[in-house]
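In what follows, a structure is listed as structure tokens, so that the remarks can point back to it.
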There are 2 protein chains.
Amino acid sequence: MSINSNSHVPIFRQIAEHIRTGISAGIYQPDEMLPSLRALALELVVNPNTIQRAYEELEREGLVYSRRGLGLFVARQAVRSARSQSQDDVEKAFADGIRLARSAGLPDDEIRHVFSKSLARKMDKTGGKS
Amino acid sequence: MSINSNSHVPIFRQIAEHIRTGISAGIYQPDEMLPSLRALALELVVNPNTIQRAYEELEREGLVYSRRGLGLFVARQAVRSARSQSQDDVEKAFADGIRLARSAGLPDDEIRHVFSKSLARKMDKTGGKS
DNA sequence: TATACTGCATTAGTGAACTAGTGCAGTACG
DNA sequence: CGTACTGCACTAGTTCACTAATGCAGTATA
């Protein structure tokens, strides 16, 4: 797991997305303990608070639950929640695009076309602004 | 034209998008003079610099051109540029969504489904966070 | 109970984005 | 030339998101 400090995406969000992906992919099993705040902070060379912020986000999404003094664990409904959350995010992104397209007067056909075009080009790492 | 100061979207961007929409819709004709910085600033009760920043964005997009001492005018290729620009923005938004969906492991069929779902619900003003 | 782990709350520093204040430079016109 | 408009450049203040430093509170184990 690598953190890109130069990215415009905040660190805590990168971490959250990484773990979210991991849970979604089944790397972390339900009720399994996640790396502790300090352990992960040490590994990634960031402040424990940054890690906590990432975990907070995941907790709000119902992906993990925390036990004070024990640790953080993967929620049972994590995969379901992860999918649901991802779907919401995706939907939101699409809604944004559609809103833009509509306000520009693009007809639905054109919007569909642009979408298909985007979906077609699979390999596109648009991340990383210096 | 109204400005929402409570929105998380910066004022200059709201203005830019409004004018962009206006040009795209044909409200402003090519070579027609746009409201001066101070005039529009007075009308919207903001600083002229904020207006200028909006115009800068539009100029970068090739929508308007400026003549020092004369004013700001709609570019001839404005409509074309506006469409192109909008299409880029839309494409970017879609790409974001697709990227999210992929990293969550959603299959393409599912992605298409979510998109269609978003496109279906036409009226959705998701703006305005306090 | 002492120790060593866990999450959590409070506060502070830093940097970037946004907006505003002010003055300079170019153009048209009487 | 002087006036009144135009865009533009420079500087400063404000706000907010992000990250970090530090200390408190809960839990297991010897």
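Of A:A82, A:A25, A:A104, the residue with the greatest mean-square motion in the GNM of chain A, using alpha carbon springs below 10 Å, is A:A104.
Compute the orientation-averaged projected area for region A:80-120 from the convex hull of its Cα atoms and round it to one decimal in nm².
Details: hull surface 12.4 nm².
Here the figure is 3.1 nm², rounded to one decimal.
Of the residues A:I51, A:I15, A:Q77, the one whose Cα sits farthest towards the positive end of the charge dipole of region A:11-78 is A:I51 (charges of +1 on Lys and Arg Cβ, -1 on Asp and Glu Cβ, taken about the Cα centre). With both labels modelled 7 Å from their Cα along Cα-to-Cβ, the B:R102 to A:V9 distance reads 1.2 nm. Taken as Cα centroids, region A:14-51 and region B:1-75 sit 45 Å apart, rounded to the nearest whole angstrom.
I need the shape label for region B:5-46. Rule: rounded when a/c is under 1.5, else prolate if a/b > b/c, else oblate, with a, b, c from the alpha carbon gyration tensor.
Values: a/c = 3.33, a/b = 1.39, b/c = 2.39.
Since a/c reaches 1.5 but b/c is at least a/b, the shape of region B:5-46 is classed as oblate.
With everything on Cα atoms, drop me the angle between helix A:48-60 and the longest principal axis of chain A, reported from 0 to 90° to the nearest 10. Helix A:48-60 sits at roughly 60 degrees to that axis. Of all aspartates and glutamates in the structure, those lying under 12 Å Cα to Cα from B:K92, and not within fewer than 8 positions of it along the same chain, are A:D96, A:D124.
What FRET efficiency comes out for the pair B:A25/B:V45, r = Cβ-Cβ distance, R0 = 35 Å, nearest 0.05? Display every interim value, and only then the final one.
Working: r = 25 Å, r/R0 = 0.71.
Once the sixth-power term is evaluated, E becomes 0.90.
In the elastic network of chain A, a GNM with C-alpha springs shorter than 10 Å, the most mobile of A:P35, A:P48, A:P107 is A:P107. For the options B:I11, B:I19, B:I27, a Gaussian network treatment of chain B with springs between C-alpha atoms closer than 10 Å singles out B:I27 as fluctuating the most. Each Lys and Arg Cβ is given +1 and each Asp and Glu Cβ -1; about its Cα centre, region B:11-79 then shows a dipole of about 140 debye.
Where nothing but the Cβ of Lys and Arg (+1) and of Asp and Glu (-1) is charged, how large is the charge dipole of the protein assembly as shown around its Cα centre, in debye to the nearest 20?
Numbers: 38 positive and 32 negative charges, 27 e Å.
Approximately 140 debye in magnitude.
Report the relative contact order of chain A, percent, no decimals, based on alpha-carbon pairs under 8 angstrom and at least 6 residues apart. Averaging sequence separation for qualifying contacts and normalising by length gives 28 percent for chain A. With a/c under 1.5 counting as rounded, go ahead and sort region A:1-83 into rounded, prolate or oblate using the C-alpha gyration tensor (a ≥ b ≥ c being the square roots of the eigenvalues; past the cut-off, prolate if a/b is larger than b/c, else oblate). The shape class here is oblate. Computed about its Cα centre, the charge dipole of chain B is approximately 120 debye, with only Lys, Arg, Asp and Glu carrying charge at their Cβ.
None of the figures in this text is laboratory data; all of them are computed from the coordinates on show. What you see is a predicted model, and the numbers here were worked out from it, not measured in a lab. Every residue, glycine as well, gets a Cβ built from its backbone with ideal geometry; the counts of neighbours run over all protein chains shown.
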